[in-house]
Amino acid sequence: MPRDKPFLRPRVRSYMQRPVDELPARQRFLIVCEGEKTEPLYFERFRVPRLIVKVEGLGVNTLSLVQKAIDLSEQGDYDQTWCVFDKDDFPDRNFNQAIALAEKNQIAVAYSNQAFELWYVLHFDYMHNAIPRADYMRILDERLGHKYEKNSPTIYDEIRGRQATAIRNARNLLAEYDPSRPAKDDPSTTVHLLVEELVKYSKPFWTG
């Protein structure tokens, strides 16, 4: 199993001990995404009452994105701040430095190596071989039964029923890398960690 790393854990404000049968306190999420549409359209579908998804970076280097997430986090009263970005073609050094910078500033990271679509593929298949990013799209075409649209507003609803499978596959995939080297671990993703947190605080637990 990979060693536990701080950047894989969200910063969660501490609360007084609650009875075991009491619902968890609401959390205010800030999610800063590199992608302009793909990731925001997905995360905005979670029914978290205090969820804020911001689009920043838009293709700039990952270090700039993490710095923006740090700045935004300091400007607001957030319980959990997440930065979502892909390895893509960014140099290994930039990718690793971005994760280290987030860790240092208590920003949780939902990264994908190589691309966010790996998270979608894991809803259907356990994939542990490195393949070109274009092949992610081909696999999704086959599994969805229609052409995958990168900025689809319906993808969340199409694959929601397979969410537990995706989480299990992502966990198992991450466990294959020991020690963990995010820039080299292709394919790998920590998106499931953010999804688990969002599910925990999503409706129908809340009526307000």
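The values are calculated or read from the model by the stated rules, or taken from the named source; none is laboratory data. Since the model is a prediction, treat every value here as computed from it, not as a measurement. Reconstructed Cβ throughout: ideal geometry from the backbone, glycine too, with neighbour counts over all protein chains shown.
So the values come out like this:
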read-out	value
Single condition GLN106 does not satisfy, out of (1) touching a strand residue (DSSP E or B) at 6+ places or on another chain (Cβ under 6 Å); (2) in contact (Cβ under 8 Å) with a residue 40 or more places away in the chain	(1)
Single residue of region 144-153 satisfying the filter (modelled with pLDDT under 95 and not charged (D, E, K, R)) that is farthest from ALA115 (Cα to Cα)	PRO153
GLU158 vs. criteria touching a residue at least 60 places away in the same chain (Cβ under 8 Å) and not basic (Lys, Arg)	no
Test set (1) surrounded by fewer than 18 Cβ atoms within 10 Å (Cβ to Cβ); (2) under 14 Å from the mean Cα position of the chain (by Cα); (3) of a type in the set (A, V, I, L, M, F, W, C) - ILE131 fails condition number	(2)
Region 156-208 - residue that is among the small types (Gly, Ala, Ser) and modelled with pLDDT of 95 or more and, of those, farthest from ASP92 (Cα to Cα)	GLY161
Elements of type helices (runs of 4 or more DSSP H) contained in region 5-106, each with 1 or more residues being modelled with pLDDT under 90, touching a helix residue (DSSP H, G or I) at 6+ places or on another chain (Cβ under 7 Å) and more than 19 Å from HIS192 (Cα to Cα)	62-75
